[in-house]
Amino acid sequence: MNKSVPIEINSCGTYRLGIRDEMETCRLEGHVDYQLIYIASGRGYFYFDNSDEPTVVEAGNMVIYRPEEFQKYEYSGKDHANIYWIHFTGGGVGELFFKYGLDVNRNVISSGAEAFYSLTFDRIILELQLRNEFFEESAALLFSHVILTAGRYNREMSHNKLIPVNEVEDVMVYFRERYQENINVEDFLKGRGYGVSSFFRKFKKYTGMTPLQYLLQIRLSYAVKLLETTNFHINEISCFVGYDNALYFSRLFHKHMGMSPKEYRGTVQKNCKRNGYEHI
């Protein structure tokens, strides 16, 4: 625990489970710092207070563990779980959450399934990997923006009636499973009998983004992993994540990640060499 600074990010990462993957974590004495877990897709099973029955936490929610708090949770590949986690500390943690109307003593916080979260956590991970000048301050500012966005979501939801989400979740699952295909979103919605304009409004109200933006977030997330863990050519990765035009894919990647796919891979390789291990 470091209380000499308002917010300090100790580590950050992600889990993406396939159909056959399962993962269980149990820490009887918890961690020395705070841990936030964001469910980007799928769900997690959390045994708060060492309960025998899990609390199922769906996508669009965050879980908070305080220092030295008992932790037990599970993920399953059948749920296509996509999870981000971050460990943090600082003398201003309670103040940050309170400022944006969130209770740091609650285990589950609604946040919405916004593309912003996944992309921001990816940027925090990159900051911690590259360790460029002021990376600690940058990571802390990015995390503060995550908490601000979650607070804004909760404030808006408290003033609006929640909408039925069955149709929205149906489309979200379809996109997660078929993101590699050439999907025409409007044709897909019409084929399901959904009104395009009304469904776009409903989807954005629930997720904070349009269906097109949600599909883009999924594709970029997988593209990042392929760049980090394989030697596939950029053209191949473009096809793997649903884009026939590699130039168009590269422009999208640069727009949302701040660098080209080639530059991103280069920074990862440079960081690997700096830390003494080989990139695949």
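The values are calculated or read from the model by the stated rules, or taken from the named source; none is laboratory data. If you're wondering where the values come from, they're calculated on a predicted model, not measured in any experiment. Heads up, the Cβs are rebuilt from the backbone with ideal geometry, glycines too, and the neighbour counts pull from every protein chain shown. What goes into the accessible areas is simple: the full protein's heavy atoms, side chains included, and nothing from ligands, DNA or RNA. Shrake-Rupley method; radii C 1.70, N 1.55, O 1.52, S 1.80 Å.
In deg cm²/dmol and to the nearest 500, what is the mean residue ellipticity at 222 nm of the chain if only DSSP H runs of at least 4 residues count, each as -39500 (n - 2.57), divided by the residue total?
So the calculated ellipticity at 222 nm is -15000 deg cm²/dmol.
Where the accessible area of the chain is counted over protein heavy atoms with a 1.4 Å probe, how much of it, in %, is carbon and sulfur?
Heavy-atom surface of the chain belonging to carbon and sulfur, 1.4 Å probe: 48 percent.
Where only protein heavy atoms count, and the probe is 1.4 Å, what is the accessible area per residue for the chain in Å²?
Ligands and nucleic acids excluded, the result is 52 Å² per residue.
Of Ala140, Ala40, Ala246, which has the largest mean-square fluctuation in a 10 Å C-alpha GNM of the chain?
Ala246
Please give the peptides 41-49, 131-139 ranked by average Cβ packing (other Cβ atoms within 10 Å per residue), highest first, as a rough proxy for protection.
Most protected by this proxy first, the peptides run 41-49, 131-139.
Just to confirm a number: summing +1 for Lys and Arg and -1 for Asp and Glu over residues other than Ile86 whose beta-carbon lies under 15 angstrom from that of Ile86, what do you get?
Numbers: positive: Arg66, Arg123; negative: Glu8, Asp33, Asp122, Glu127, Glu136.
Net charge in that neighbourhood comes out at -3.
Which ³J(HN,Hα) values in Hz, rounded to whole numbers, follow from the phi angles of the range 233-238 under the Karplus curve 6.51 cos²θ - 1.76 cosθ + 1.60, where θ = phi - 60° and Gly and Pro get x?
5, 4, 4, 5, 4, 4
Where a Cα-Cα gap under 21 Å defines reach, which lysines qualify for Lys205, not counting those fewer than 8 residues away within the same chain?
Output for Lys205: Lys161, Lys190.
Please report, to two decimal places, log10 I(q)/I(0) for the range 1-99 at q = 0.18, 0.24 Å⁻¹ as given by the Debye formula with identical point scatterers on the Cα atoms and no solvent.
Each listed q corresponds, in turn, to -0.86, -1.28.
With charges only on Cβ, +1 for K and R and -1 for D and E, what is the dipole size of the range 1-68 about its Cα centre, in debye, rounded to 20?
Details: 6 positive and 11 negative charges, 62 e Å.
Approximately 300 debye in magnitude.
Among residues other than Gly30 whose Cβ falls under 13 Å from its Cβ, what is the net charge (Lys/Arg +1, Asp/Glu -1)?
Taking every Cβ under 13 Å from that of Gly30, the sum is -2.
Starting from 0 in steps of 5 Å, tell me what percent of the Cα-Cα pairs of the range 209-274 lands in each bin.
The distribution over the range 209-274 is 3, 18, 30, 27, 13, 6, 2, 1, given as percents.
Once the Cβ-Cβ distance between Leu247 and Glu74 is put in as r, and R0 is 45 Å, what FRET efficiency do you end up with, to the nearest 0.05? The partial results should precede the final answer.
Values: r = 42 Å, r/R0 = 0.93.
Using R0 = 45 Å, I get an efficiency of 0.60.
Would you mind calculating the relative contact order of the chain from Cα pairs under 8 angstrom and at least 6 residues apart, reporting the percent as a whole number?
The value is 17 percent.
For the range 43-99, how big is the tail of P(r) above 12 Å, as a whole percent of Cα pairs?
Above the 12 Å cut-off, the range 43-99 has 73 percent of its Cα pairs.
Keeping every protein chain in place, order His87, His80 by accessible area at 1.4 Å, biggest value first, i.e. largest first. Intermediate values should be presented prior to the final figure.
On the way: His87 15, His80 60 Å².
Highest to lowest solvent-accessible surface, that is His80, His87.
If R₀ is 35 angstrom, what is the calculated FRET efficiency for the pair Asn235 and Thr210, using the beta carbon separation as r and rounding to 0.05?
According to the calculation, E is roughly 0.80.
Which value, in debye to the nearest 20, gives the size of the charge dipole of the chain about its Cα centre, when Lys and Arg are +1 and Asp and Glu are -1 at the Cβ?
In total the dipole reaches around 900 debye.
In 10 Å bins starting at 0, how do the alpha-carbon pair distances of the chain split up by percent?
Whole-percent P(r) values from 0 Å outward: 6, 26, 35, 25, 7, 0.
Cross-link list Lys72/Lys202; Lys225/Lys255; Lys3/Lys99; Lys78/Lys225; Lys225/Lys270; Lys202/Lys262: which exceed 25 angstrom alpha carbon to alpha carbon?
Flagged as over cut-off: Lys72/Lys202; Lys202/Lys262.
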